[in-house]
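Taken together, the values in this text are just the output of simple stated rules run on the coordinates, not laboratory data. Predicted model only: the values in this text are computed from it and were never measured. Heads up, the Cβs are rebuilt from the backbone with ideal geometry, glycines too, and the neighbour counts pull from every protein chain shown.
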Amino acid sequence: MLFLRALLMAVALVGSTAGTHLATSAGSIATTRNGIIAGSTIVCAVTVEDLVTITNVSDGTTTKTVPDIAVDWTAGTQRLALYSFPNHPGGNFTFTATFSGSQTFRGLDIAELTPSVFDAASSGTGTSAAPSSGNITPSVDGSYFLGFALGASALTKAAAFTDLVNDPTTLTSDFEGFAQSTKAALAATWTMTSGIWGAIGASYRPPFIPGGLARSQQWQSLIAQ
């Protein structure tokens, strides 16, 4: 039987960049990631005080105006959003988030994933010691989950997740990831001292990869270097 679909390869984390976290007022924020592998997916986790909005995120070549998921975690505090750049050309790039005006608390962290596309997302806000994005339900096996949260105090990642960027002081934020082999609903969660929080999460599924098995093996070789 001839299969016309190319092989699906489970999505994996290539790496992450702890970006700029600032408590000084400005209308944008930028973070540089070097050595991006061509074809990978870049996901930017952006936050800013909610007296302004996030206008766009750009790598200088491509500009994204619509996030994969976003939430205003409580009136008068912060906005959180994830913006993805699939099939990135690779190389050294500076990613800049531009806001509708100047505000003080701002951040931009970066995750690089193997080839993938945005699939599903969820968000949550509350007042407790257990921030959660709410369940995210991926459509296929082999997805990678990203979670991003801010709280009134320092956040501790979920046990099953990998800490990508943790900031216990300036923004009291955490950016975490999890590779899932078999599709199932999953929430990005954290623990903290009880207080207000906002959380978002998204899953990124494998694409159909031109070249099938040969291309899959090439990517496994690249991320192992």
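Where does the stretch 73-203 land on the Kirkwood hydrodynamic radius, alpha-carbon pairs, in angstrom? Mean inverse Cα-Cα distance, inverted, gives 15.4 Å. Most tightly packed first, judged by the mean number of other beta-carbon atoms within 10 Å of their residues, the peptides 147-153, 66-72 read 147-153, 66-72. Computed over the alpha carbons of the stretch 16-119, Rg followed by Dmax gives 13.1, 39 Å.
Count charges around PHE175 for me, please; just the other residues with Cβ under 11 Å from its Cβ, Lys/Arg as +1, Asp/Glu as -1.
Within the 11 Å Cβ shell, the charges total -4.
Taking the C-alpha atoms only, the angle from helix 212-224 to the longest principal axis of the chain is near 50 degrees.
Think of the chain as having a plus end and a minus end, set by charges on the Cβ of Lys, Arg, Asp and Glu; of ALA130, LEU80, ALA185, ALA185 sits farthest toward the positive end of this dipole. Across the chain, C-alpha contacts under 8 Å between residues 6 or more apart give a mean separation that, scaled by the residue count, equals a relative contact order of 27 percent. Placing +1 on the Cβ of every Lys and Arg and -1 on the Cβ of every Asp and Glu, with no other charges, gives the stretch 13-224 a dipole of roughly 280 debye about its Cα centre. When you work out D = kT/(6 pi eta Rh) for the chain at 10 °C and 1.306 mPa s, using the Kirkwood radius from C-alpha pairs as Rh and the Stokes-Einstein form, the result is 91 µm²/s.
Phi angles across the stretch 100-117 convert, under the Karplus curve 6.51 cos²θ - 1.76 cosθ + 1.60 with θ = phi - 60°, into 3J(HN,Hα) values of 6, x, 8, 9, 8, 7, 9, x, 8, 10, 10, 10, 10, 10, 5, x, 6, 9 Hz, Gly and Pro given as x.
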